[in-house]
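One structure is given below, encoded as structure tokens.
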Amino acid sequence: MKTRQCLPLLLCVTYLGLSGCTAVQPWERGNLAKPHMAADANILHSSLTQHNYSSREGSAGGNSAEGGGCGCY
């Protein structure tokens with residue numbers, strides 16, 4: 001597609017994306033602060049899974065502290 005043909009499509013997608021943004025009123029924030037609205041509902045499980053992953057992948061660089069594979073730091 002040429003640039004001139006892509007511009008209206010890009011503007012339309014941008015407009016649709018921005019139309020979903022809204023200001024949250026103070027009395028509505030309680031609904032968004034509920035545990036089931038969190039990006040990660042089970043933080044403890046994710047933390048343990050990440051710890052195990054980084055322990056096993058420590059020799060490859062991992063994405064946290066490198067370990068020897070035993071699960072300790």
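Once label points are set 7 Å from the Cα along Cα→Cβ at both TYR53 and LEU10, what is their separation, rounded to one decimal in nm?
So the label points at TYR53 and LEU10 sit 3.4 nm apart.
Which of SER46, SER19 has the fewest other C-beta atoms within 10 Å, and how do the rest follow up to the most? Provide the component values of the computation, followed by the final result.
On the way: SER46 11, SER19 8.
If I rank by nearby Cβ atoms, fewest first, I get SER19, SER46.
Read-outs: derived from the displayed coordinates by stated rules, not from any lab. What you see is a predicted model; the values in this text were computed from it and never measured. Note: ideal-geometry Cβ built from the backbone for every residue, glycine included; neighbour counts use all protein chains shown.
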